[in-house]
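Asks: Let me begin by handing over the structure; questions about it come next.
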Protein chains: 2
Amino acid sequence: MTRTDFFDVPNFMLQKGGMLPTARLSYKTLGTLNSDRSNAVLVPSWYTGTHADTEMFMTGTGRALDPQKYFIILPDLLGNGLSTSPSNAPAPVDRGRFPRVTIHDNVRLQYQLITEVLGIETLRLVTGWSMGACQTYQWAAQYPGMVRAACPIAGSARTASFNKVFLLALKRTLELDPTFAEGFYERAPVAGLRAFAAIYAGWGVSEPFFRTEAYRLFGAGSHEEFVQYFWEPFFLKCDANNLLSQLSTWLDGDISANPAYGGDFHAALRAIRARTIVMPVDHDRYFPPVDAEEEVRHIPNSECRVINSIWGHMAPMNPGDSPAIDAALSELLE
Amino acid sequence: MTRTDFFDVPNFMLQKGGMLPTARLSYKTLGTLNSDRSNAVLVPSWYTGTHADTEMFMTGTGRALDPQKYFIILPDLLGNGLSTSPSNAPAPVDRGRFPRVTIHDNVRLQYQLITEVLGIETLRLVTGWSMGACQTYQWAAQYPGMVRAACPIAGSARTASFNKVFLLALKRTLELDPTFAEGFYERAPVAGLRAFAAIYAGWGVSEPFFRTEAYRLFGAGSHEEFVQYFWEPFFLKCDANNLLSQLSTWLDGDISANPAYGGDFHAALRAIRARTIVMPVDHDRYFPPVDAEEEVRHIPNSECRVINSIWGHMAPMNPGDSPAIDAALSELLE
């Protein structure tokens, strides 16, 4: 069974202040929930990604996340253009005046869907890539009793300072395009998005990826063609306000930034009860393994398993790196 | 003896086409040339740097580059605002229409100064940081008979693809500021320079520099204050066209991109006769040690000596990393 649906919550109060008159959570489910409701797997989306991307890259018959075996829930991140976003919210929270949304808000909204609509009390596994990993950590710390296993892939439980300076550069650059007009643009700020894409290219994959000219896989003969052929289309299809909204969600990522933990990061990690495999990528520039290792020292039932890939942060998009990921997911699903 | 001077060459033809009606090379010399003209040391400037910066950070009584012992020549890079630059060139090569200048052009101009004006036939040592290192390699390959020793610090003999994508991001971003006006601005493009500074912050120092909050040395309590307190003033004092001119010089860096070597990079490295110590920094993001090791495999009388520093590319600006550099320079000057 495949189903795409929406779940609407009125007057959704936001963690950082403000509210959404309607918080719409877009999601897709794959497979069938079994009779004892024990086969639910949650896979939140990543920066710019949608449930369709999550489905394509992370699930499939014969893969660890097999819709023949599991009831797989694929929620869309607030700000991704399908769930409530600057691009689809009505006034007075439209476009450049969309309020600040956190990972905590996203997970709270997903919790309502899963418990109230789908009637599920336990998640067999939560996993996701990048911002999907950030949501995975958040789920495990925010609802520790509900998450049996967790596999955050190339993400972090708290956004690091180095990661934040990358996000600052992206934000300043996109806002620099005069067409952007503080978020009330008449047409896409193309030059801004192109500069955004060029910045991203220097972080999304690794130095050896460029040095070995792995960009030839995309038909590119140089760094600049790689930006043109891969990164520009990747971001030009995105709404600029949506990019900035998701970016601020990423920036604020911190599983302890809420009353339950009062900023005590180690306490939030210690509260996680899920069997957890943290999967950083050795060449990931903004989510380096050193941060994952630090997290694992505080999550009780966890281990760190490093993916070795010159694709860096983008490794989970590389078919060659899927077997390592699927092996960990299968182990957690056993 | 301290002397700041200018050397003017009329109708200076440029490697990539075009010409400068007057190529003015600004330079300063420290110390005294000895009677057999054997104590000359050349230290070219880095990106945004001037001879005053080179003097302050790399020379001094009691240091390896001691003006009491050596005749130290500190030339200014074309485009740095003191030598001929977009900011000081008269029409028709002013501002946004300044022609493309290469490292080869710079070294050729410095060669004229050193041989024709200063009457020097042999350089005891050429050394420099970053683009100063790029000029060091160029000197050693372009005039192999003149350079007895070379110490390129945190630079490369040919700009790598990964480095170029960083430069592309900087260029696209600065040009995005509507105030920039294709180089014919009425006032500094401040917002563009601020975004430029934020991009640079994520490359100029390392991930562990941010992780350990080493930016507290600058009085900064966060990644954003570090950008504000250190990187913004660093670039806001620069002319935007000058930044882009030097950037294109950096981008085109390749000691083999000239008729002498016809693009044969290994042949250009093999032609170097100087005793060479290549000094990359382990945490340098755009000039990684792996590239330096590759160079050393082809430079006959050379070794690679890695500086270990979380300051990354900026290590030579950190007083704590000076002893390692001075030790190598002293060894080459013995």
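Asks: May I ask you to list the residues in the stretch B:157-214 that are part of a helix (DSSP H, G or I), aromatic (Phe, Trp, Tyr), over 19 Å from the mean Cα position of the chain (by Cα) and more than 7 Å from every other protein chain (Cβ to nearest Cβ)? Before you say what the answer is, go through the steps one by one.
Replies: Our first condition is that a residue be part of a helix (DSSP H, G or I); within the stretch B:157-214, this holds for B:161-176, B:178-183, B:190-204, B:207-211, B:214.
Within this subset, residues satisfying the condition of being aromatic (Phe, Trp, Tyr) are B:162, B:166, B:180, B:196, B:200, B:203, B:209-210.
After this cut, where a residue has to be over 19 Å from the mean Cα position of the chain (by Cα) as well, the list is B:180, B:209-210.
Hits for the stretch B:157-214 are B:Phe180, B:Phe209.
Asks: Checking B:Ile310 against (1) outside any helix (DSSP H, G or I); (2) within 19 Å of the chain's Cα centre (by Cα); (3) within 14 Å of chain A (Cβ to nearest Cβ), which test does it fail?
Replies: Of the numbered conditions (1) outside any helix (DSSP H, G or I); (2) within 19 Å of the chain's Cα centre (by Cα); (3) within 14 Å of chain A (Cβ to nearest Cβ), the odd one out for B:Ile310 is (2).
Asks: Ok, one more. Restrict the check to the stretch B:269-281 and report whether at least one residue is within 14 Å of another protein chain (Cβ to nearest Cβ), surrounded by 16 or more Cβ atoms within 10 Å (Cβ to Cβ) and either within 20 Å of the chain's Cα centre (by Cα) or without any contact (Cβ under 8 Å) to a residue 60 or more places away in the chain (or both).
Replies: Keep residues of the stretch B:269-281 that are within 14 Å of another protein chain (Cβ to nearest Cβ), which gives B:280-281.
From what's left, surrounded by 16 or more Cβ atoms within 10 Å (Cβ to Cβ): B:280-281.
Going one step further and asking which of them are either within 20 Å of the chain's Cα centre (by Cα) or without any contact (Cβ under 8 Å) to a residue 60 or more places away in the chain (or both), we end up with B:280-281.
Yes; the residues of the stretch B:269-281 include at least one that is within 14 Å of another protein chain (Cβ to nearest Cβ), surrounded by 16 or more Cβ atoms within 10 Å (Cβ to Cβ) and either within 20 Å of the chain's Cα centre (by Cα) or without any contact (Cβ under 8 Å) to a residue 60 or more places away in the chain (or both).
Asks: Let me ask another. Search the stretch A:143-156 for residues being in contact (Cβ under 8 Å) with a residue 60 or more places away in the chain and out of contact with any strand residue (DSSP E or B) (no Cβ under 8 Å at 6 or more places or on another chain), and hand back the single one that is farthest from the other protein chains (Cβ to nearest Cβ).
Replies: Among those residues, the one meeting the criterion is A:Gly145.
Asks: Continuing with the same structure: Hey, can you tell me all the residues within the stretch A:241-266 that are more than 18 Å from the chain's Cα centre (by Cα) and over 20 Å from B:Arg211 (Cα atoms)?
Replies: Within the stretch A:241-266, A:Asn258, A:Pro259, A:Ala260, A:Tyr261, A:Gly262 qualify.
Asks: Within the stretch A:84-125, how many residues turn out to be among the small types (Gly, Ala, Ser) and surrounded by 16 or more Cβ atoms within 10 Å (Cβ to Cβ)? Full working, then the answer.
Replies: Of all residues in the stretch A:84-125, those among the small types (Gly, Ala, Ser) come to A:85, A:87, A:89, A:91, A:96, A:119.
From the residues that got through so far, the ones that are surrounded by 16 or more Cβ atoms within 10 Å (Cβ to Cβ) too are A:85, A:87, A:89.
Count: 3.
Asks: Exactly one of these conditions fails for A:His223: (1) in contact (Cβ under 8 Å) with a residue 24 or more places away in the chain; (2) crowded, with 21+ Cβ neighbours inside 10 Å. Give me its number.
Replies: Result: A:His223 fails condition (1) only.
Asks: So which of B:Arg275, B:Arg297, B:Arg305, B:Arg285 is modelled with pLDDT of 95 or more, among the charged types (D, E, K, R) and closer than 18 Å to B:Lys171 by Cβ?
Replies: Numbers: B:Arg275 fails: closer than 18 Å to B:Lys171 by Cβ; B:Arg297 fails: closer than 18 Å to B:Lys171 by Cβ; B:Arg305 fails: closer than 18 Å to B:Lys171 by Cβ.
It is B:Arg285.
Asks: If I go through the stretch B:216-235 residue by residue, how many of them are assigned to a helix (DSSP H, G or I), of a type outside the set (Lys, Arg) and more than 8 Å from every other protein chain (Cβ to nearest Cβ)? Please lay out each step first, then the result.
Replies: Taking the stretch B:216-235 first, the residues assigned to a helix (DSSP H, G or I) are B:216-218, B:223-235.
Retained after the next criterion (residues that are of a type outside the set (Lys, Arg)): B:217-218, B:223-235.
Still in the running and more than 8 Å from every other protein chain (Cβ to nearest Cβ): B:217-218, B:225, B:228-235.
So the count comes out to 11.
Asks: Residue check, B:Ser302 against (1) within 14 Å of another protein chain (Cβ to nearest Cβ); (2) buried (at least 18 other Cβ atoms within 10 Å of the Cβ), all met but one. Which one?
Replies: (1) is the only condition that B:Ser302 fails.
Asks: Kindly list the number of the only condition in (1) surrounded by 22 or more Cβ atoms within 10 Å (Cβ to Cβ); (2) not assigned by TED's automatic domain parsing to the domain that holds A:Ser85 that fails for A:Glu295.
Replies: In the conditions (1) surrounded by 22 or more Cβ atoms within 10 Å (Cβ to Cβ); (2) not assigned by TED's automatic domain parsing to the domain that holds A:Ser85, A:Glu295 misses (2) alone.
Listed here are the residues, each with its yes/no results for (1) modelled with pLDDT under 95; (2) touching a strand residue (DSSP E or B) at 6+ places or on another chain (Cβ under 7 Å); (3) basic (Lys, Arg).
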| residue | (1), (2), (3) |
| --- | --- |
| A:Leu33 | no, yes, no |
| A:Ala64 | no, no, no |
| A:Lys69 | no, no, yes |
| A:Pro75 | no, yes, no |
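Asks: A follow-up question, please. Taking the stretch A:143-156 on its own, how many of its residues are among the aliphatic types (A, V, I, L, M) and assigned to a loop (DSSP other than H, G, I, E, B)?
Replies: Here the count works out to 2.
Asks: When you scan the stretch A:251-262, do you find a residue that is under 14 Å from A:Gly204 (Cβ atoms) and touching a Phe, Trp or Tyr at 6+ places or on another chain (Cβ under 8 Å), even just one? Break it down stepwise before answering.
Replies: Residues of the stretch A:251-262 under 14 Å from A:Gly204 (Cβ atoms): none.
Checked the stretch A:251-262: no residue is under 14 Å from A:Gly204 (Cβ atoms) and touching a Phe, Trp or Tyr at 6+ places or on another chain (Cβ under 8 Å).
Asks: Out of (1) under 20 Å from B:Ala157 (Cα atoms); (2) out of contact with any Gly (no Cβ under 8 Å at 6 or more places or on another chain), the odd one out for B:Ile103 is which?
Replies: (2)
Asks: Look at B:Gly96 and say whether it is among the small types (Gly, Ala, Ser) and farther than 25 Å from B:Gly119 by Cβ.
Replies: Values: among the small types (Gly, Ala, Ser): yes; farther than 25 Å from B:Gly119 by Cβ: yes.
Considered against the rule, which asks whether it is among the small types (Gly, Ala, Ser) and farther than 25 Å from B:Gly119 by Cβ, B:Gly96 comes out as yes.
Asks: Given the criteria in the same structural domain as A:Lys69 (by TED's automatic domain parsing), under 26 Å from A:Glu55 (Cβ atoms), crowded, with 20+ Cβ neighbours inside 10 Å and at pLDDT below 95, does A:Pro316 qualify? Before you say what the answer is, go through the steps one by one.
Replies: Details: in the same structural domain as A:Lys69 (by TED's automatic domain parsing): yes; under 26 Å from A:Glu55 (Cβ atoms): yes; crowded, with 20+ Cβ neighbours inside 10 Å: yes; at pLDDT below 95: yes.
So A:Pro316 fits the description; yes.
Asks: Then there's this: Testing B:Leu170 on (1) closer than 18 Å to B:Leu65 by Cβ; (2) not polar (S, T, N, Q); (3) not assigned by TED's automatic domain parsing to the domain that holds B:Val41, one condition comes back false. Which one is that?
Replies: Here B:Leu170 meets the rest and fails (1).
Asks: I'm told B:Leu170 meets every condition in (1) in contact with a strand residue (DSSP E or B) (Cβ under 9 Å, 6 or more places away or on another chain); (2) aliphatic (A, V, I, L, M); (3) within 29 Å of A:Asp177 (Cα to Cα) except one. Can you identify the failing condition by its number?
Replies: Only one criterion is unmet by B:Leu170, namely (1).
Asks: Tally the residues that are out of contact with any Pro (no Cβ under 6 Å at 6 or more places or on another chain) and under 15 Å from B:Ala154 (Cβ atoms), restricting the search to the stretch B:256-281.
Replies: Total meeting the criteria: 4.
Asks: Looking at B:Ala154, B:Ala133, B:Ala140, which is the one that is touching a His at 6+ places or on another chain (Cβ under 9 Å) and crowded, with 23+ Cβ neighbours inside 10 Å? Talk me through it step by step, then tell me what you get.
Replies: Details: B:Ala133 fails: touching a His at 6+ places or on another chain (Cβ under 9 Å); B:Ala140 fails: touching a His at 6+ places or on another chain (Cβ under 9 Å).
None of the others qualify; the one that does is B:Ala154.
Asks: If the requirement is being in contact (Cβ under 8 Å) with a residue 40 or more places away in the chain, on the phi > 0 side of the Ramachandran plot and buried (at least 20 other Cβ atoms within 10 Å of the Cβ), which of these qualifies: B:Gly81, B:Gly18, B:Gly49? Explain how you work it out, then say what you get.
Replies: Working: B:Gly18 fails: buried (at least 20 other Cβ atoms within 10 Å of the Cβ); B:Gly49 fails: on the phi > 0 side of the Ramachandran plot.
B:Gly81 is the lone residue from the list that is in contact (Cβ under 8 Å) with a residue 40 or more places away in the chain, on the phi > 0 side of the Ramachandran plot and buried (at least 20 other Cβ atoms within 10 Å of the Cβ).
The values are calculated or read from the model by the stated rules, or taken from the named source; none is laboratory data. The model shown is predicted, which means the values in this text are computed figures rather than measured ones. No Cβ is skipped: glycine too gets one built from the backbone with ideal geometry, and neighbour counts run over all protein chains shown.
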